[in-house]
Amino acid sequence: MADCAPIGVFDSGVGGLSVLREIHACLPHESLFYLADSGHVPYGEKSAEYIRERCRGIADFFIHQGAKALVVACNTATAAAVADLRERHPQLPVVGMEPAVKPAAAASRSRVVGVLATTGTLQSARFAALLDRFASDVRVVTQPCPGLVERIEAGRLEDDETRALLAGFVRPLLAEGCDTLILGCTHYPFVAPQLRQLLPPGISLIDTGSAVARRLGSLLLERDLQSEGPGIVRFWTSGDTQLMTAVLPLLWGEMAQVEYYPG
């Protein structure tokens, strides 16, 4: 496979752009194809089988585009579908997300860790296994965040309703003594500045975008698939192309053309 082939990155919506920018910073010579499945967002309230079907179609689309690797830039989709994708496409590196339980447990001084995530992630067997492996000596307090993904999808990061929603989510975690909060959805790093304004000093926010970028780089190196560039970045959405075009400068940092994915 040609090393100049693209890397396919996808999420239920625009949240995976937080992962895409980490990959772009870590691997600037790589071509990145990003698909936001915003016509079906959020994944967090949908069945695992529904999510697997969506992910299979998106993976097939990227493979048709010549992708040399896949990144499931969505915690909920990783929990539901990453094993299935690896079984279906053993020839490709497939990198998934998982809430940063291990580094959060190591960082916590109070030994109480909070998790902000979607319902789908928190109810998954994959998340339960993470707790079993890495959280035996800390208490983990979980907080589902219904409605937050949709507000980030719309680019409504700063308005009063979003701030009120965030305040309601973090209040019970702080009351339980959490000093470390895991951002367990790739959308949530986009409201990290707003979260910090609601948190007392010394509370850590942890996400896994940079770790995913490093893991992807390692797999490309192992398989001799690194590109020497120059890389390009392309965007697709199954939702409203005009809406994604409007939020790209806010979430990605620059304007770009967005193509429609009809799958």
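The values are calculated or read from the model by the stated rules, or taken from the named source; none is laboratory data. Keep in mind the model is a prediction, meaning the values are calculated, not measured. Note: ideal-geometry Cβ built from the backbone for every residue, glycine included; neighbour counts use all protein chains shown.
Among what's in region 198-251 and is assigned to a strand (DSSP E or B) and of a type in the set (S, T, Y), pick the residue that is nearest to F61 (Cα to Cα).
In the first step, residues of region 198-251 are kept if they are assigned to a strand (DSSP E or B); the result is 204-206, 233-237.
Retained after the next criterion (residues that are of a type in the set (S, T, Y)): 204, 237.
Working: S204: 38, T237: 12 Å.
Residue satisfying both the conditions and the ranking: T237.
Is it the case, given these coordinates, that A107 is aliphatic (A, V, I, L, M) and without any contact (Cβ under 8 Å) to a residue 12 or more places away in the chain?
Working: aliphatic (A, V, I, L, M): yes; without any contact (Cβ under 8 Å) to a residue 12 or more places away in the chain: no.
When the stated conditions are applied, A107 does not pass them.
Could you list, in sequence order, all residues of region 6-64 that are assigned to a loop (DSSP other than H, G, I, E, B), buried (at least 23 other Cβ atoms within 10 Å of the Cβ) and either of a type in the set (A, V, I, L, M) or modelled with pLDDT of 95 or more (or both)?
First pass over region 6-64, keeping only residues assigned to a loop (DSSP other than H, G, I, E, B): 6, 12-16, 27-31, 37, 41-47.
Subsequent filtering for residues that are buried (at least 23 other Cβ atoms within 10 Å of the Cβ) retains 12-16, 30, 37, 41-44.
Across region 6-64, the qualifying residues are S12, G13, V14, G15, G16, E30, D37, V41.
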Checklist entry - Restricting attention to region 160-190, and to residues there that are touching a Cys at 6+ places or on another chain (Cβ under 8 Å) and among the hydroxyl-bearing types (S, T, Y), which single residue is nearest to V113 (Cα to Cα)? => result Y188
Next on the checklist: Looking at A83, A73 in this structure, which one is small (G, A, S) and farther than 19 Å from G15 by Cβ?
Outcome noted: A83
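Suppose we filter region 127-140 for residues that are touching a residue at least 40 places away in the same chain (Cβ under 8 Å) and surrounded by fewer than 19 Cβ atoms within 10 Å (Cβ to Cβ); how many remain? Break it down stepwise before answering.
Taking region 127-140 and keeping what is touching a residue at least 40 places away in the same chain (Cβ under 8 Å), we get 127.
Now narrow it down to the ones that are surrounded by fewer than 19 Cβ atoms within 10 Å (Cβ to Cβ): none.
Number of matching residues: 0.
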Checklist entry - Out of (1) surrounded by 15 or more Cβ atoms within 10 Å (Cβ to Cβ); (2) assigned by TED's automatic domain parsing to the domain that holds G57, what's the single condition that is false for Q242? => result (1)
Next on the checklist: With the requirement that a residue be surrounded by fewer than 24 Cβ atoms within 10 Å (Cβ to Cβ) and farther than 25 Å from C4 by Cα, what does region 66-99 give you?
Outcome noted: A83, D84, E98
Next on the checklist: Let me confirm something: among P146, P93, which residue is farther than 16 Å from I182 by Cβ and at pLDDT 95 or above?
Outcome noted: P93
Item to check | Given (1) in contact with an Asp or Glu (Cβ under 9 Å, 6 or more places away or on another chain); (2) within 25 Å of V82 (Cα to Cα); (3) loosely packed, with under 15 Cβ neighbours inside 10 Å; (4) not β-branched (V, I, T), number of the condition L225 does not satisfy | outcome: (3)
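Looking at the structure I just gave you, is G202 touching an Asp or Glu at 6+ places or on another chain (Cβ under 9 Å) and either surrounded by fewer than 16 Cβ atoms within 10 Å (Cβ to Cβ) or on the phi < 0 side of the Ramachandran plot (or both)? Steps first, answer last, please.
Numbers: touching an Asp or Glu at 6+ places or on another chain (Cβ under 9 Å): yes; either surrounded by fewer than 16 Cβ atoms within 10 Å (Cβ to Cβ) or on the phi < 0 side of the Ramachandran plot (or both): yes.
In short, yes.
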Checklist entry - Is it the case that V212 is more than 30 Å from V140 (Cα to Cα) and either out of contact with any Pro (no Cβ under 8 Å at 6 or more places or on another chain) or outside the structural domain of A67 (by TED's automatic domain parsing) (or both)? => result no
Checklist entry - Can you name every residue in region 110-126 that is surrounded by fewer than 21 Cβ atoms within 10 Å (Cβ to Cβ), touching a residue at least 60 places away in the same chain (Cβ under 8 Å) and not hydroxyl-bearing (S, T, Y)? => result V112
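For the subset of region 150-169 comprising residues that are of a type in the set (A, V, I, L, M) and either outside any helix (DSSP H, G or I) or in contact (Cβ under 8 Å) with a residue 60 or more places away in the chain (or both), which member is surrounded by the most Cβ atoms within 10 Å (Cβ to Cβ)? Quick ask: steps written out before the conclusion?
Let us first name the residues in region 150-169 that are of a type in the set (A, V, I, L, M), namely 152, 154, 157, 164-167.
So of that shortlist, the ones also either outside any helix (DSSP H, G or I) or in contact (Cβ under 8 Å) with a residue 60 or more places away in the chain (or both) come out as 152, 154, 157.
Values: I152: 27, A154: 15, L157: 18.
Filtering region 150-169 for residues that are of a type in the set (A, V, I, L, M) and either outside any helix (DSSP H, G or I) or in contact (Cβ under 8 Å) with a residue 60 or more places away in the chain (or both), the one surrounded by the most Cβ atoms within 10 Å (Cβ to Cβ) comes out as I152.
Applying the selection to region 85-131, what residues are part of a strand (DSSP E or B) and within 28 Å of K68 (Cβ to Cβ)?
Keep residues of region 85-131 that are part of a strand (DSSP E or B), which gives 94-95, 112-117.
Across region 85-131, the qualifying residues are V94, V95.
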Checklist entry - Residues V140, V149: which one is β-branched (V, I, T) and within 23 Å of L17 (Cα to Cα)? => result V149
Checklist entry - Among D240, D224, which is the only one that is in contact (Cβ under 8 Å) with a residue 24 or more places away in the chain and within 15 Å of G13 (Cα to Cα)? => result D240
